[in-house]
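K.L.:
Supplied in structure tokens, the structure appears directly below.
The values are calculated or read from the model by the stated rules, or taken from the named source; none is laboratory data. Keep in mind it's a predicted model, so treat the numbers as computed, not measured. Here the Cβ positions follow ideal geometry from the backbone for every residue, glycine too, while neighbour counts run over all protein chains shown. The area values use the complete protein model at the heavy-atom level, side chains included, leaving out ligands, DNA and RNA. Shrake-Rupley method; radii C 1.70, N 1.55, O 1.52, S 1.80 Å.
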Amino acid sequence: DQQVKQNSPSLSVQEGRISILNCDYTNSMFDYFLWYKKYPAEGPTFLISISSIKDKNEDGRFTVFLNKSAKHLSLHIVPSQPGDSAVYFCAASEDDKIIFGKGTRLHILP
Amino acid sequence: GAVVSQHPSWVICKSGTSVKIECRSLDFQATTMFWYRQFPKQSLMLMATSNEGSKATYEQGVEKDKFLINHASLTLSTLTVTSAHPEDSSFYICSASTLAGVATQYFGPGTRLLVL
């Protein structure tokens, strides 16, 4: 039973446009949500996080939105750049354990 | 920033042999280290959590006698895959965190294991 779901395995976005990556979760006890970026054969790199008591967190080009009632969060990247092409993992934490989604591969098109 | 290294970065071994993977926090002391496993096109699955000086806590379904974890110091944790079989072939990633909490987990680059 997947507690963190990323239903889009891949996404293609034109350079300069906005990339929106979505994530759904089932466990209402999660207290922290995180997004990681991963290149092939490398470990994940932390991007941005949001506490369950907030609904938005912004850091430069990255903004994460949390809708607790819908158990949904999204990562917005604007403007999208070629270096953003990677796999993005949504993750949720409870008691210092992190549970990852399956990831969404983002392709930034020239 | 905090750096976590893993060694080796890749390993090929014969079925039945044991493989040790090291995870080191290079410039900080890690109170807790985590070991993950990733199959192709799947999410990172937490295998176990280890705190320095104590036994690791394994996730359900992970055989602790097969995946031996030692966290002997605040900068080093090892994962030993004992009697490896082809189904153990995977990408193993460690992460290390400080007392600051889960958001400050720093991930290693991963180790790709291929068991022939």
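K.L.:
Skipping prolines and chain starts, which residues have an amide H placed within reach, meaning under 5 Å, of the one on A:Gly43, given they are 5 or more residues away or on another chain?
P.N.:
The list, which skips near neighbours in sequence, is B:Gly110.
K.L.:
Also, I was wondering about something else. Kirkwood Rh and Cα-based Rg: tell me the resulting Rg over Rh for chain A, rounded to two decimals.
P.N.:
Numbers: Rg = 13.1 Å, Rh = 13.8 Å.
Using only Cα positions, Rg/Rh for chain A is 0.95.
K.L.:
List, in order, the whole-Hz ³J(HN,Hα) value for each residue of the range A:65-73 obtained from phi through the Karplus relation with A = 6.51, B = -1.76, C = 1.60 and θ = phi - 60°; use x for Gly and Pro.
P.N.:
Values, residue by residue: 10, 10, 10, 5, 5, 8, 6, 9, 9 Hz.
K.L.:
In percent, what relative contact order does the range A:10-110 have, based on Cα pairs under 8 Å that are 6 or more apart in sequence?
P.N.:
Details: 230 pairs, mean separation 37.6, N = 101.
It comes to 37 percent, rounded to a whole number.
K.L.:
Here's another thing I want to ask about it. Tabulate in residue order the Karplus-calculated ³J(HN,Hα) for the range B:8-17, using 6.51 cos²θ - 1.76 cosθ + 1.60 with θ = phi - 60°, rounded to whole Hz; enter x for Gly and Pro.
P.N.:
With the stated coefficients, the range B:8-17 comes to x, 7, 8, 8, 10, 9, 7, 4, x, 8 Hz.
K.L.:
Could you check the spin-label model distance between B:Asp27 and B:Thr82? Points 7 Å from the Cα along Cα→Cβ, value in nm.
P.N.:
3.7 nm
K.L.:
How large is ³J(HN,Hα) for each residue in the range B:43-56, as worked out from phi by the Karplus curve 6.51 cos²θ - 1.76 cosθ + 1.60 (θ = phi - 60°), to whole Hz, x for Gly and Pro?
P.N.:
Running phi through 6.51 cos²θ - 1.76 cosθ + 1.60 with θ = phi - 60° gives 6, 6, 10, 5, 9, 6, 10, 10, 10, 3, x, 10, 5, 6 Hz.
K.L.:
Report the residue, chosen from B:Ala30, B:Ala48, B:Ala72, that carries the largest GNM mean-square fluctuation when chain B is represented by alpha-carbon nodes joined by springs under 10 Å.
P.N.:
In the Gaussian network model the winner is B:Ala72.
K.L.:
Return the value, in Å² to the nearest 100, of accessible area buried between chains A and B (probe 1.4 Å, both sides summed). Mind dumping the intermediate values first?
P.N.:
Numbers: alone 6200 and 6420 Å², together 11180 Å².
Rounded to the nearest hundred, the buried surface is 1400 Å².
K.L.:
Using 22 Å as the Cα-Cα cut-off, could you pick out the over-long pairs in A:Lys97/B:Lys14; A:Lys54/B:Lys41; A:Lys102/B:Lys14; A:Lys5/A:Lys38? Don't skip to the end; give the middle numbers.
P.N.:
Working: A:Lys97/B:Lys14 33 Å; A:Lys54/B:Lys41 31 Å; A:Lys102/B:Lys14 29 Å; A:Lys5/A:Lys38 17 Å.
Distance filter (> 22 Å) returns A:Lys97/B:Lys14; A:Lys54/B:Lys41; A:Lys102/B:Lys14.
K.L.:
Determine the gain in length on full extension of the stretch B:Lys41-B:Arg112; use 0.36 nm per residue of separation and subtract their C-alpha separation, reporting nm with one decimal. Display every interim value, and only then the final one.
P.N.:
Numbers: separation 71, 0.36 × 71 = 25.56 nm, distance 1.46 nm.
Difference between extended and current length: 24.1 nm.
K.L.:
Enumerate the amide H contacts of B:Ala84 below 5 Å, restricted to partners 5 or more residues apart or on another chain; note that Pro and chain-start residues carry no placed amide H.
P.N.:
Answer set, sorted by chain and number: B:Gly16, B:Thr17, B:Ser18, B:Val19.
K.L.:
A further question on this structure: For A:Lys71, which aspartates and glutamates qualify as cross-link partners when the Cα separation must be under 17 Å and same-chain residues fewer than eight apart are set aside?
P.N.:
A:Asp1, A:Asp24, A:Asp31, A:Asp55, A:Glu94
K.L.:
What ranking of A:Arg61, B:Arg24 comes out by heavy-atom accessible area, probe 1.4 Å, highest first? Mind dumping the intermediate values first?
P.N.:
Details: A:Arg61 55, B:Arg24 95 Å².
The most accessible residue leads, giving B:Arg24, A:Arg61.
K.L.:
Let me ask another. Only Cα pairs under 8 Å and at least 6 apart count here; give the relative contact order of the range B:1-100 as a rounded whole percent.
P.N.:
Numbers: 207 pairs, mean separation 35.8, N = 100.
Across the range B:1-100, relative contact order equals 36 percent.
K.L.:
Taking every alpha carbon pair in the protein assembly as shown, what does the distance histogram look like in 10 angstrom bins from 0, in percent?
P.N.:
It works out to 8, 33, 35, 20, 5, 0, in whole percents.
K.L.:
So which cysteines of the protein assembly as shown have no other cysteine's Cβ under 4.7 Å from theirs?
P.N.:
Isolated Cys, the protein assembly as shown: B:Cys13.
K.L.:
Net charge within 10 Å of B:Leu76 by Cβ-Cβ distance, Lys/Arg positive one each and Asp/Glu negative one each, not counting B:Leu76 itself?
P.N.:
Working: positive: B:Arg24; negative: B:Glu22, B:Glu52.
With Lys, Arg at +1 and Asp, Glu at -1, the net is -1.
K.L.:
Quick one: check the C-alpha center-to-center distance for the range B:1-63 versus the range A:2-20, whole angstrom.
P.N.:
When both Cα centres are located, 28 Å separates them.
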